[in-house]
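First the structure, in the form of structure tokens, and then the observations on it.
Read the figures in this text as sums done on the coordinates, not as results from a lab. None of these values were measured; they are calculated from a predicted model. Cβ placement follows ideal geometry from the backbone for every residue including glycine, while neighbour counts extend to all protein chains displayed.
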Amino acid sequence: MHAHPKKERTLVILKPDAVQRSLMGEIMRRLERTGLKFVGIKFTVPTEDQCWKHYAKDDAWFLAKGVRIVEDRKAQGLPLEKEVMDYGKDIILSNVKFFTAGPVLAMVIEGNQSVAIVKKLVGGTEPTTSDVGTIRGDLTVDSYALSSIDNRAVRNLIHCSDSPEEAEREIALWFDKQEIIGYRLLQEQVLYDVNLDGIFE
């Protein structure tokens, strides 16, 4: 049985670049202004194992990405120094290195269509092509091209879940059940109650 839409949850992680650039408060403010509710917050240093489980890619994904990288390298006249699969795995390896480079702020956010609302606020994965007004579009300048030249993960400040199902899986990796708090915000009456009873005295 699915939870009521207003109880949908998503996972958001402010990556080491967001922490190091003192953008945690700004990003949390943007998320909180929507009316979504923080039900779990944890400042932590991720482990490598946790990150590999978080990305949860299979051999088919590694192979497909590896093929694309090999084609790109051939087109650029660059040497092929690894197996196709290893090029694919390097994508996740660079993200794991990035995630474990310093502390991150992990958050569970709850509210109607929280996954879609957070994704809209965060913007596309690549900062240079993210829309103006999004977190990635406004607050950073990295690009796939630059991260590729530097052989590192793109520094795009923030992770957010792609779907409610993915959010459920990811939240379980980062939070114990007792770390997620069920409570009521007064603003929820304005956001969700069918009738706005009780406003007038």
Q.
Sequence gap at least 6, Cα distance under 8 Å: using those rules, report the relative contact order of the stretch 110-180 to the nearest whole percent.
A. 27
Q: Go through the stretch 156-201 and name the chymotrypsin sites (Phe, Trp or Tyr not before Pro) that are in a DSSP coil and have 10 or fewer other Cβ atoms within 10 Å of their Cβ.
A: TYR183, PHE200
Q) Where does helix 84-99 land angle-wise versus the long Cα axis of the chain, in degrees 0 to 90, nearest 10? A) 50
**Q.** Intensity falloff of the stretch 1-66 expressed as log10 I(q)/I(0), Debye formula with alpha-carbon point scatterers, at q = 0.19 Å⁻¹
**A.** -0.98
Q: Let me know the whole percent of all Cα-Cα pairs from the chain that are separated by more than 28 Å.
A: 34
Q: Could you tell me whether the stretch 127-201 comes out rounded, prolate or oblate from its Cα gyration tensor? Rule is a ≥ b ≥ c as square roots of the eigenvalues, rounded for a/c under 1.5, then prolate if a/b exceeds b/c, otherwise oblate.
A: oblate
Q | Helix 59-75 vs. the chain, principal-axis angle (Cα, 0 to 90°, nearest 10) | A | 50
Q | Neighbour-count order for ASP90, ASP17, fewest beta carbons within 10 angstrom listed first | A | ASP90, ASP17
Q. Which values, in whole Å and largest first, are the semi-axes of the equivalent ellipsoid of the stretch 64-167 obtained as the square root of 5 times each eigenvalue of the Cα gyration tensor?
A. 29, 16, 14
Q: Only Cα pairs under 8 Å and at least 6 apart count here; give the relative contact order of the chain as a rounded whole percent.
A: 34
Q: Counting helices only, and only those DSSP H runs with n ≥ 4, report the 222 nm mean residue ellipticity of the chain as the sum of -39,500 (n - 2.57) divided by its residues, in deg cm²/dmol to the nearest 500.
A: -13000 deg cm²/dmol
Q) Any idea what the dipole of the chain comes to, in debye rounded to 20, about its Cα centre with Lys/Arg Cβ at +1 and Asp/Glu Cβ at -1? A) 260
(Q) I want to check the label-to-label distance for LEU191 and SER148. Put each point 7 Å from Cα in the C-beta direction and report it in nm to one decimal. (A) 3.9
